Amino acid sequence: MSRLYGDPIEVWTRDGEPSQFVWRDRLYLVRRVLDHWVVAREWWKVREGDPGERQFWRVEASPGREAGSYELRFDTASGGWLLMRAWD
């Protein structure tokens, strides 16, 4: 079962992929990337000089021993990360 969030998170990357993130004051270590995809923004919402992409990452991560699946989103326009969804 998954839950939707849309919470802002702080993410560290290594070789262009998320390696760890902080969500609700807990540090999660990314064990592996399960999927990655890019969604282009609608052309009328793209600002000049900005590709207007949102990059999505589905990762397996854990704050301790038990891992879960998490969907992270990076917005190229704002440079911000969100935790979009979590699976139990």
Net length gained if the chain between R14 and R31 were fully extended (0.36 nm per residue, minus Cα distance):
4.9 nm
In whole Hz, with x marking every Gly and Pro, tabulate ³J(HN,Hα) for segment 71-87 from phi via Karplus 6.51 cos²θ - 1.76 cosθ + 1.60, θ = phi - 60°.
9, 10, 10, 10, 9, 5, 5, 8, x, x, 10, 10, 8, 8, 7, 9, 10
Based on the Cβ-Cβ distance from S78 to L4, what FRET efficiency comes out when R0 is 22 Å, to the nearest 0.05?
0.70
Efficiency by 1/(1 + (r/R0)^6): what FRET value for R41 and E66, r their Cβ-Cβ distance, R0 = 41 Å, to the nearest 0.05?
0.70
For the chain, give the magnitude of the charge dipole about the Cα centre (Cβ charges: +1 Lys/Arg, -1 Asp/Glu; no others), in debye to the nearest 20.
180
Can you find, among S62, F74, W37, the residue farthest towards the positive end of the dipole of segment 2-87? Put +1 on the C-beta of Lys and Arg, -1 on that of Asp and Glu.
S62
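Every number in this text was worked out from the coordinates using simple rules, so none of it is lab data. This is a predicted model, so every value here is computed, not measured. A quick note on method: Cβ atoms are made from the backbone with ideal geometry, for glycine too, and the neighbour counts reach across all protein chains shown.
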